[in-house]
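Q: Got a structure for you, written out below as structure tokens; questions coming shortly.
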Amino acid sequence: MSERAAPTPIDQAPIDRAPTDAAPTDAAPKPPRSALARWWDRRGFVNCLRWGAIIAFLGAWEGSSLAGWLDPLFASSPSLIVEKLWSMIADGSIWPHVLASANIAALGFGLSVLVGVPMGLAMGRSVAIRSTLEPFTTALNASPQVAFLPLLIIWLGIGIASKVALVFLGSFLIMVINTEAGVAQVDRRLIETARSFMANERQIMLKVILPSSLPYIIAGMRLGIGRTLVMVVVAEIYAATKGLGYLIFQAGGLYDTAQVFVGVVILAAAGIALNSFLRWLEKRLAPWQHVQAD
Amino acid sequence: MIEVRGISHGYLAADGLSQFQALKDVSLTIENGTFVSFLGPSGCGKTTLLRIINGLIKPTQGEIRIEGARVDGPKPDRAMVFQEFNLLPWRTARGNVEFPLEVQGVGKAERDRVVSRVLAQVSLEKFGNFYPHQLSGGMKQRVGLARALGVGPAYLLMDEPFGALDPQIREMMQLELMKLWDSDRKTVVFVTHSVDEAVFLSDRVIMFGTSPGRVVADLAIDLPRPRWTDDEAIKTSAKFIQYRNDIWRLLKHQLSSMPAI
């Protein structure tokens, strides 16, 4: 009941009674180093390694292709891919594919967040709801969701609906499971505190549980975006006339490896951009999670 | 006036069958305007009783009456200060103090006014926009205290509020609490492990014993007030030392009768 929890670190507040110019605890004196040196310590070294590796990889690929060790018909090469991408942008032929895929991805992923988060909150908060829904979520999670595509096409037709449904099916469980995990880790003491200040169940949900689970929800979204992109491609293999998945598989059939890579590069770029955005968002919305990192 | 009438409370053990008797038939009355401490070893039910008074826990038996009305849940006439501060990490100091007012439907302008007033009361007016992780332990607990004061409670319930602070900060916080208390003399129920803290702060120390949790002594502390102006004189006075030794003796007796320390 009244046992002590872990001791808090030594108090760094000034011990006078009016903390006027007291510094926040993380304002430790820094060694005098130039801005450039500090940037190098923080980011520069790691960034150089990272970009060095990327350039070496692309260089090796391009070089092997030029030297004839790799057959460009099968392996393409960075310069051929860039050339192809540029020509597709120049003649505008790339946009219908990008738009079609983006549309499916946004609808499917958006739905999975809109359904998955409330469902995860409800399952995390109520034993009755969790016990009822868990067999379904576990079974769905364990099955390869791609296998539902034929059924979805039979039910929803070959238009956009079946594709959106597949994306939804692929990513919404991650949202449910992550949100539920987020709710499970909410500090019980914060809920008790809210109750003691007369918060009702709805206020506890919106003002304590939801903000506290946000890092988990965003982590779920980052995983969900990966699944979304996979599902978009898979859905567009069948019965599609445009989209990046269609572009990739059509090009593959024609041995146009450069165009296959164009599709892959665009998808990868979209994945990286969305992931970085969510990381940034998480830092903005949950700054207390990054105290050590800063 | 807080009336504790025949309160018994048991927790179900993990096996779902045996019960741990946290409190057995506790009755006491707390007069308005007094500073009362609940003192006792771990497991004596003092924190449980505080939560029952707050309305967070429904007792297995008995009832709490405040000004004659039966307690059946938290109300804004009682506000709690927690040992581990329990601040919302995504809210600034201001946001945390604002939280109960928001929950209770107070308008934005009134909230801002109240928050500024109580933050000034705990000398944190310059730290309103800091997040809890940017504040020291002592400052966090000032926020916790401001949050409770903002509700405008008639009864302040403090659950080992300084237990997580290091000793120097703890003493400073005791002085500040005394100073603050002298300005309005609210009824305070203060749970603590520390004999010195209980004697220094209180008008009355209620001692709890274990297995089952129950009241074993109820002592009036007759030391002069204000106590924050010359705390050293009070802490070195013969009376203070006498109170402390008497309570220590009772406490040692309690501890030695516990199955394991």
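Q: Scan A:Phe136, A:Phe148 and give me the residue that is closer than 13 Å to A:Val234 by Cβ, more than 23 Å from the chain's Cα centre (by Cα) and not charged (D, E, K, R).
A: Of A:Phe136, A:Phe148, the one residue that is closer than 13 Å to A:Val234 by Cβ, more than 23 Å from the chain's Cα centre (by Cα) and not charged (D, E, K, R) is A:Phe148.
Q: Run B:Leu56 past the list (1) under 24 Å from B:Asp184 (Cβ atoms); (2) within 11 Å of another protein chain (Cβ to nearest Cβ); (3) among the aliphatic types (A, V, I, L, M); (4) within 16 Å of the chain's Cα centre (by Cα) and report the number of the one that doesn't hold.
A: Only one criterion in (1) under 24 Å from B:Asp184 (Cβ atoms); (2) within 11 Å of another protein chain (Cβ to nearest Cβ); (3) among the aliphatic types (A, V, I, L, M); (4) within 16 Å of the chain's Cα centre (by Cα) is unmet by B:Leu56, namely (1).
Q: Considering the stretch B:74-98 alone, what residues qualify as being within 27 Å of B:Asn32 (Cβ to Cβ) and either surrounded by 17 or more Cβ atoms within 10 Å (Cβ to Cβ) or facing chain A (nearest Cβ under 8 Å) (or both)?
A: Once the filter is applied, which keeps residues that are within 27 Å of B:Asn32 (Cβ to Cβ) and either surrounded by 17 or more Cβ atoms within 10 Å (Cβ to Cβ) or facing chain A (nearest Cβ under 8 Å) (or both), the stretch B:74-98 yields B:Pro74, B:Lys75, B:Pro76, B:Arg78, B:Ala79, B:Met80, B:Val81, B:Phe82, B:Gln83, B:Asn86, B:Val97.
Q: Mind listing whichever residues of the stretch B:91-116 are without any contact (Cβ under 8 Å) to a residue 24 or more places away in the chain and not polar (S, T, N, Q)?
A: Hits for the stretch B:91-116 are B:Gly95, B:Glu102, B:Val103, B:Gly105, B:Val106, B:Gly107, B:Lys108, B:Ala109, B:Glu110, B:Arg111, B:Asp112, B:Arg113.
Q: Still on this structure: Out of (1) away from every other protein chain (no Cβ under 12 Å); (2) of a type in the set (A, V, I, L, M); (3) in contact (Cβ under 8 Å) with a residue 60 or more places away in the chain, what's the single condition that is false for B:Ala148?
A: With respect to (1) away from every other protein chain (no Cβ under 12 Å); (2) of a type in the set (A, V, I, L, M); (3) in contact (Cβ under 8 Å) with a residue 60 or more places away in the chain, B:Ala148 is out only on (1).
Q: In the stretch A:141-188, which residues are among the aromatic types (Phe, Trp, Tyr) and at pLDDT 90 or above?
A: The answer is A:Trp155, A:Phe168, A:Phe172.
Q: Looking for something basic (Lys, Arg) and out of contact with any strand residue (DSSP E or B) (no Cβ under 8 Å at 6 or more places or on another chain) - is there at least one such residue anywhere in the stretch B:38-47? Let's see the steps before the verdict.
A: Going through the stretch B:38-47, the residues basic (Lys, Arg) turn out to be B:46.
Then drop every residue that is not out of contact with any strand residue (DSSP E or B) (no Cβ under 8 Å at 6 or more places or on another chain), which leaves none.
Looking through the stretch B:38-47, none of the residues is basic (Lys, Arg) and out of contact with any strand residue (DSSP E or B) (no Cβ under 8 Å at 6 or more places or on another chain).
Q: Output the qualifying pairs, or none if there are none: Cβ atoms under 6 angstrom, residues six or more apart or on different chains, first residue in the stretch B:179-208 and closer than 21 Å to B:Leu28 by Cα and within 14 Å of another protein chain (Cβ to nearest Cβ), second residue assigned to a strand (DSSP E or B) and among the charged types (D, E, K, R).
A: The qualifying pairs are B:Val191/B:Asp159.
Q: Sticking with this one: For the stretch A:52-70, how many residues are outside any helix (DSSP H, G or I) and either among the acidic types (Asp, Glu) or over 30 Å from A:Gly243 (Cα atoms) (or both)?
A: 2
Q: Is there any pair linking a residue in the stretch A:71-89 that is part of a helix (DSSP H, G or I) to one that is among the polar types (S, T, N, Q), with Cβ under 7 Å and at least six apart or on different chains, and which?
A: A:Pro72/A:Ser65; A:Leu73/A:Thr257; A:Phe74/A:Thr257; A:Ala75/A:Ser65; A:Ala75/A:Thr257; A:Lys84/A:Gln259
Q: Collect the residues in the stretch B:82-120 that are assigned to a helix (DSSP H, G or I) and closer than 16 Å to A:Arg189 by Cβ, keeping them in residue-number order.
A: B:Asn96, B:Phe99, B:Pro100 - these are the residues of the stretch B:82-120 that are assigned to a helix (DSSP H, G or I) and closer than 16 Å to A:Arg189 by Cβ.
Q: Can you name the residue in the stretch B:101-114 that is within 14 Å of chain A (Cβ to nearest Cβ) and hydrophobic (A, V, I, L, M, F, W, C) and is also nearest to B:Val81 (Cα to Cα) among such residues?
A: B:Leu101
Q: Conditions: (1) modelled with pLDDT of 90 or more; (2) within 10 Å of another protein chain (Cβ to nearest Cβ); (3) farther than 15 Å from A:Phe197 by Cα. B:Gly163 meets all but one. Number of the miss?
A: Of the numbered conditions (1) modelled with pLDDT of 90 or more; (2) within 10 Å of another protein chain (Cβ to nearest Cβ); (3) farther than 15 Å from A:Phe197 by Cα, the odd one out for B:Gly163 is (1).
Q: Please go through the stretch A:189-203 and give me each residue that is touching a residue at least 12 places away in the same chain (Cβ under 8 Å) and surrounded by fewer than 20 Cβ atoms within 10 Å (Cβ to Cβ), ordered by number.
A: A:Ile191
Q: Now a separate question. Evaluate the following for A:Ala60: is it assigned by TED's automatic domain parsing to the domain that holds A:Ala270 and among the small types (Gly, Ala, Ser)?
A: Values: assigned by TED's automatic domain parsing to the domain that holds A:Ala270: no; among the small types (Gly, Ala, Ser): yes.
In short, no.
Q: Determine which member of the set A:Ala258, A:Ala286, A:Ala251 is surrounded by 15 or more Cβ atoms within 10 Å (Cβ to Cβ), farther than 18 Å from A:Leu107 by Cβ and within 14 Å of chain B (Cβ to nearest Cβ). Lay out the reasoning, then the answer.
A: Values: A:Ala258 fails: within 14 Å of chain B (Cβ to nearest Cβ); A:Ala251 fails: within 14 Å of chain B (Cβ to nearest Cβ).
Step by step, each of A:Ala258, A:Ala286, A:Ala251 is checked, and only A:Ala286 is surrounded by 15 or more Cβ atoms within 10 Å (Cβ to Cβ), farther than 18 Å from A:Leu107 by Cβ and within 14 Å of chain B (Cβ to nearest Cβ).
Q: How many residues does the stretch B:159-177 hold that are in a helix (DSSP H, G or I) and within 16 Å of B:Gly144 (Cβ to Cβ)?
A: 7
Q: Would you pick out the residues in the stretch B:20-45 that are in contact (Cβ under 8 Å) with a residue 12 or more places away in the chain, hydrophobic (A, V, I, L, M, F, W, C) and part of a strand (DSSP E or B)?
A: B:Ala22, B:Leu23, B:Val26, B:Leu28, B:Ile30, B:Phe35, B:Val36, B:Phe38, B:Leu39
Q: Can you find even one residue in the stretch B:161-171 that is crowded, with 24+ Cβ neighbours inside 10 Å and outside the structural domain of B:Gly43 (by TED's automatic domain parsing)?
A: no
Q: Right, another one. What's the number of the only condition in (1) out of contact with any Pro (no Cβ under 9 Å at 6 or more places or on another chain); (2) more than 12 Å from every other protein chain (Cβ to nearest Cβ); (3) not in a helix (DSSP H, G or I) that A:Met231 fails to meet?
A: (3)
Q: Restrict the check to the stretch A:158-176 and report whether at least one residue is at the interface with chain B (Cβ under 10 Å from one of its Cβ atoms) and within 24 Å of A:Leu285 (Cβ to Cβ). Let's see the steps before the verdict.
A: As a first pass, look at the stretch A:158-176 and keep what is at the interface with chain B (Cβ under 10 Å from one of its Cβ atoms): none.
No, the stretch A:158-176 contains no residue that is at the interface with chain B (Cβ under 10 Å from one of its Cβ atoms) and within 24 Å of A:Leu285 (Cβ to Cβ).
Q: Would you point out the residue of the stretch A:112-122, among those that are without any contact (Cβ under 8 Å) to a residue 60 or more places away in the chain and over 19 Å from A:Ile225 (Cβ atoms), that is nearest to the chain's Cα centre (by Cα)?
A: Here the answer is A:Pro118.
The values are calculated or read from the model by the stated rules, or taken from the named source; none is laboratory data. Every value quoted in this text rests on a predicted model; they were computed, and no experiment measured them. Heads up, the Cβs are rebuilt from the backbone with ideal geometry, glycines too, and the neighbour counts pull from every protein chain shown.
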